[in-house]
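J.: Got a structure here, written out as structure tokens. Questions coming.
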Amino acid sequence: MTTAVVPEHPVLSTHGLTIRFGGHVAVNNVSAEFRPGTLTAIVGPNGAGKTTYFNLMSGQLPATSGSVRLFGEDVTDLGAPQRTKRGIGRAFQLTNLFPNLSVIENVRLAVQSQAGMGLNMVSLWSRHVELMERAEHYLHRVAMADQRDEIVGTLPHGNKRKLEVAILLALEPQILMFDEPTAGMSVDEVPVILELIHQIKAQGDKTILLVEHKMDVVRSLADRIIVLHNGFLVADGDPTEVMSSPIVQEAYLGTGVADHV
Amino acid sequence: MLKSILSGDFPRSRILSIMLVLTFIGLAVAPFMLSGARPLNTAATICIFIVLVASYDLLLGYTGIVSFAHTMFYGIGAYGVGLALDAMGPSWWAVFTGLASALALALVLALMIGLFSLRVRAIFYAMITLAVASAFAILASQLSDFTGGEDGKTFKVPEILSPGFKLIEAEIFGRSIDGKLLTYYLVFTACLLLFLFMLRVVNSPFGRVLQAIRENDFRAEALGYRTVVYRTLANCLAALIAALAGALMALWLRYVGPKTFLSFEVMTDILLIVVIGGMGTLYGAVVGAALFIFAQNYLQSLMAEASEALAGVPILAQAVHPDRWMLWLGILFVLSVYFFPTGIVGKLRNRK
Ligand SMILES: Nc1ncnc2c1ncn2[C@@H]1O[C@H](COP(=O)(O)OP(=O)(O)OP(=O)(O)O)[C@@H](O)[C@H]1O
Ligand SMILES: [Mg+2]
């Protein structure tokens, strides 16, 4: 696989990104750049602003100030659909699916969006075999082919999390944002997802952002770690360096998240 | 073949299939089975309401949009054809002009309401549609020189559709082939095609996006679907189909007036039928409209007979007096919502 993007150029960057909820500044003046072929872990205690930072980058929330650049273009004023179309994909921390539709329909909706077929009113949904096959392919990748026709609302939690990942993959994004993808999964489900993330990273052309509390996971996958604390970016750099820096020892490991290590 | 006609959306319940086939056959042969104006009027009303209610379900059941402006679009279609025939005389050109202007107006209004207000919360959207629809109804009554005001207008339809017209001298199955019969089949065919078209739309890629928006609009956006665009398109589509239903009804009745086409009662009828039949399934519109319109037209006469039969029994005779028919319809509605919260179709599909 080749991409037009020269690795030196960031595909995604934030500049002084800030959001205020009433008096509370959830993300405060955060600047960072993300390059293709890298996996950046974003860590920080609960309520640090990690999910909010993701929401600002993928367009779920509008920034109070600062900007977001995607493939060299300022997308600060664009909504989530437009940013998704430009190649940014989310798997949500709190599962966020279509509960009364079947598993395959959920993935198929992502495939269809990627294929730009949403406005087709006259052909039969079920006739688009190639889209259906792609949807099935992504279900296979998260080991959920057997649940194909189950209604999503009735799935156990671990399966919903895996489906989140399948939907993200189905969007075929250049930038993949995982928000605690393995939280609440059973022990035998976790390796499936980690192996998947590992494979995507190994392709070398995708940009991966991963919010993760489990330090062993972060150590095994991340090329770089960003630490958020109270909305501020307090550390950014090489994993071993960041983990041993005093500010992280204090800000992160000192707040009761240490038991995840 | 059948799969393609029904867009792969089968009834998925034996009883429902039987009900649908019976309704279809009943409506298809109605003019030959029934004599008199009233039964045929009931059949035509059922046809048109199936389309009107199904188009509303596109919004409410499939997309999750609560709108109270559906009768306005129905009225626009009816007034467009009616006023054009009244002003230009009974020609097909008048029908065409009236229909085209009505569709254009419906489209513009649906687009405007959609773009201005589909971004806001659902409850505000409902209020805005209510306000616009009320304003439109008042306007239609006030402009009485143009619209006939409260009394509405009667008009002549193109000759081939007028009751006096005879296509052939002979009778078929004891029924003369007159303009009324031709109008009925125009209504029937148009409604059938519109229904099948909607069935296709809800089972298309676009239709699945509408359902996704109903389920979780936040996630639909995250997948790259601009929900405002989809909602607005659904709004326009529903409005255009409602306008077509109104135009058919105007041709059938050879009359337009605010009570029949713009009143809030029509809106509540639509809501009741959607809920009774089952939201989010177009077959619900068929079953719901057939039962509801039938009850509306015949409950009163059934009750009159029952009341006579029970003349001696003091309370019962009073209870089934024809003047109480609204009460009974209300009770039927409450019971049906209580026992079939997912509507008749939902209930039938879940029995296994
Ligand atoms: N829509 C919102 N309105 C108001 N406050 C919000 C909103 N979203 C997040 N917050 C607040 O912003 C802060 C950061 O929340 P966020 O969800 O980003 O934390 P997080 O780092 O993802 O935490 P966790 O590890 O628990 O997932 C929290 O104090 C939260 O209460
Ligand atoms: Mg979070």
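The values are calculated or read from the model by the stated rules, or taken from the named source; none is laboratory data. The shown structure was predicted, so the numbers you read here are calculated from the model rather than taken from an experiment. Quick reminder, even Gly has a Cβ in these numbers, built from the backbone with ideal geometry, and neighbours come from all protein chains shown. Just so you know, the surface numbers come from the protein's heavy atoms only, side chains and all, with ligands and any DNA or RNA stripped out. Shrake-Rupley method; radii C 1.70, N 1.55, O 1.52, S 1.80 Å.
J.: Please state which one of A:Thr95, A:Thr51 is in contact with a helix residue (DSSP H, G or I) (Cβ under 6 Å, 6 or more places away or on another chain) and open to solvent by 10 Å² or more (accessible area, probe 1.4 Å).
T.: The conditions single out A:Thr95.
J.: Please find, among B:Arg226, B:Arg175, the residue that is open to solvent by 30 Å² or more (accessible area, probe 1.4 Å), in contact with a Phe, Trp or Tyr (Cβ under 8 Å, 6 or more places away or on another chain) and over 25 Å from B:Gly257 (Cα atoms).
T.: After ruling out the rest, the residue left standing is B:Arg175.
J.: Something else about it: Residues that are within 14 Å of another protein chain (Cβ to nearest Cβ): which helices (runs of 4 or more DSSP H) entirely in the range B:149-265 hold 2 or more of them?
T.: Once the helices (runs of 4 or more DSSP H) in the range B:149-265 are filtered for at least 2 residues that are within 14 Å of another protein chain (Cβ to nearest Cβ), what remains is B:179-202, B:205-215, B:217-222, B:227-253.
J.: In addition: For residues in the range A:231-253 being part of a loop (DSSP other than H, G, I, E, B) and within 16 Å of ligand 1 (Cβ to nearest atom), which is surrounded by the most Cβ atoms within 10 Å (Cβ to Cβ)?
T.: Only one residue tops the list, namely A:Tyr252.
J.: Here's something else I'd like to know. Here is a check on your reading of the model: is A:Ala80 under 26 Å from A:Gly184 (Cβ atoms), within 7 Å of chain B (Cβ to nearest Cβ), within 16 Å of ligand 1 (Cβ to nearest atom) and under 18 Å from the mean Cα position of the chain (by Cα)?
T.: Spelling it out, A:Ala80 is indeed under 26 Å from A:Gly184 (Cβ atoms), within 7 Å of chain B (Cβ to nearest Cβ), within 16 Å of ligand 1 (Cβ to nearest atom) and under 18 Å from the mean Cα position of the chain (by Cα).
J.: Do any helices (runs of 4 or more DSSP H) lying entirely in the range B:1-106 carry at least 2 residues that are within 14 Å of chain A (Cβ to nearest Cβ) and either of a type in the set (Asp, Glu) or farther than 22 Å from B:Gly288 by Cβ (or both), and which ones are they?
T.: Counting at least 2 such residues, we get B:2-5.
J.: Here's another thing I want to ask about it. Looking at the range A:51-77, I want the residues that are within 14 Å of chain B (Cβ to nearest Cβ) and more than 19 Å from B:Thr227 (Cα to Cα) and have a partner that is in a loop (DSSP other than H, G, I, E, B) and within 16 Å of ligand 2 (Cβ to nearest atom) with Cβ atoms under 7 Å, at least 6 apart or on another chain. Which pairs are those?
T.: A:Thr51/A:Gln93
J.: Mind counting the residues in the range A:196-214 that are within 14 Å of ligand 1 (Cβ to nearest atom) and out of contact with any helix residue (DSSP H, G or I) (no Cβ under 6 Å at 6 or more places or on another chain)?
T.: The qualifying residues number 2.
J.: A follow-up question, please. Exactly one condition in (1) open to solvent by less than 70 Å² (accessible area, probe 1.4 Å); (2) under 14 Å from A:Leu101 (Cα atoms); (3) not aromatic (Phe, Trp, Tyr) is not met by A:His128; state its number.
T.: (2)
J.: Could you go through the range B:151-173 and let me know if any residue there is of a type outside the set (A, V, I, L, M, F, W, C) and farther than 30 Å from B:Ala28 by Cα.
T.: yes
J.: Quick one: A:Glu105 ticks every box in (1) open to solvent by 20 Å² or more (accessible area, probe 1.4 Å); (2) within 16 Å of ligand 2 (Cβ to nearest atom) bar one, so which box is it?
T.: Result: A:Glu105 passes all but (2).
Here is a yes/no grid of residues against (1) in a strand (DSSP E or B); (2) closer than 21 Å to B:Gly224 by Cα:
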| residue | (1), (2) |
| --- | --- |
| A:Asn28 | yes, no |
| A:Ser31 | yes, no |
| A:Pro45 | no, no |
| A:Ala48 | no, no |
| A:Phe54 | no, yes |
| A:Leu61 | no, yes |
| A:Asp77 | no, yes |
| A:Gln82 | no, yes |
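J.: What number of residues in the range A:54-65 are within 16 Å of ligand 2 (Cβ to nearest atom) and either open to solvent by less than 30 Å² (accessible area, probe 1.4 Å) or not polar (S, T, N, Q) (or both)?
T.: 6
J.: Also, quick follow-up: Since A:Thr38 meets every condition but one in (1) among the polar types (S, T, N, Q); (2) within 10 Å of ligand 1 (Cβ to nearest atom); (3) over 16 Å from A:Val227 (Cα atoms), which condition does it not meet?
T.: Every condition holds for A:Thr38 apart from (2).
J.: What's the total number of residues in the range A:115-132 that are more than 7 Å from chain B (Cβ to nearest Cβ) and under 24 Å from the mean Cα position of the chain (by Cα)?
T.: The qualifying residues number 4.
J.: Of all residues in the range B:259-270, count the ones that are in contact (Cβ under 8 Å) with a residue 40 or more places away in the chain, open to solvent by 10 Å² or more (accessible area, probe 1.4 Å) and more than 10 Å from the chain's Cα centre (by Cα).
T.: Total meeting the criteria: 5.
J.: If we keep just the residues of the range A:10-51 that are of a type in the set (Ser, Thr, Tyr), at pLDDT 95 or above and under 22 Å from A:Lys206 (Cα atoms), which is nearest to ligand 2 (Cβ to nearest atom)?
T.: A:Thr51
J.: Select, from A:Val75, A:Val68, A:Val25, A:Val43, the only residue that is aliphatic (A, V, I, L, M) and surrounded by fewer than 18 Cβ atoms within 10 Å (Cβ to Cβ).
T.: The match here is A:Val25.
J.: Quickly run through the range B:229-248 and pick out the residues that are open to solvent by 10 Å² or more (accessible area, probe 1.4 Å) and under 30 Å from B:Lys180 (Cβ atoms).
T.: B:Leu240, B:Leu244, B:Leu248, listed by residue number.
J.: With B:Val66, B:Val51, B:Val81 as the choices, which residue is under 18 Å from B:Thr147 (Cβ atoms), touching a helix residue (DSSP H, G or I) at 6+ places or on another chain (Cβ under 7 Å) and of a type in the set (Val, Ile, Thr)?
T.: B:Val81
J.: Taking the condition of being among the charged types (D, E, K, R) and under 13 Å from A:Val165 (Cβ atoms), how many residues in the range A:185-212 meet it?
T.: Matching residues across the range A:185-212 total 2.
J.: Take the residues of the range A:18-35 that are within 18 Å of A:Arg224 (Cβ to Cβ) and among the hydrophobic types (A, V, I, L, M, F, W, C): which is farthest from ligand 1 (Cβ to nearest atom)?
T.: So, considering only residues that are within 18 Å of A:Arg224 (Cβ to Cβ) and among the hydrophobic types (A, V, I, L, M, F, W, C), the one farthest from ligand 1 (Cβ to nearest atom) is A:Phe34.
J.: So which residues in the range A:28-39 are surrounded by 21 or more Cβ atoms within 10 Å (Cβ to Cβ) and in contact with an Asp or Glu (Cβ under 8 Å, 6 or more places away or on another chain), if there are any at all?
T.: A:Leu39
J.: Here is a further query. Filter the range B:123-169 for residues that are among the aliphatic types (A, V, I, L, M) and either touching an Asp or Glu at 6+ places or on another chain (Cβ under 7 Å) or open to solvent by 90 Å² or more (accessible area, probe 1.4 Å) (or both); which is farthest from B:Thr183 (Cα to Cα)?
T.: Checking each candidate, the answer is B:Ile123.
J.: Since B:Ala311 meets every condition but one in (1) more than 22 Å from the chain's Cα centre (by Cα); (2) assigned to a helix (DSSP H, G or I); (3) over 30 Å from B:Phe195 (Cα atoms), which condition does it not meet?
T.: (2)
J.: More than 16 Å from the chain's Cα centre (by Cα) and within 25 Å of B:Leu199 (Cβ to Cβ): does that describe B:Gly64?
T.: yes
J.: Among what's in the range B:77-122 and is aromatic (Phe, Trp, Tyr) and under 22 Å from B:Ser134 (Cβ atoms), pick the residue that is nearest to the chain's Cα centre (by Cα).
T.: It comes out as B:Tyr79.
J.: Continuing with this model, one more query. Within the range A:89-114, take every residue that is at the interface with chain B (Cβ under 9 Å from one of its Cβ atoms), under 27 Å from A:Thr207 (Cα atoms) and in a loop (DSSP other than H, G, I, E, B) and give me the one that is farthest from ligand 1 (Cβ to nearest atom).
T.: A:Phe98
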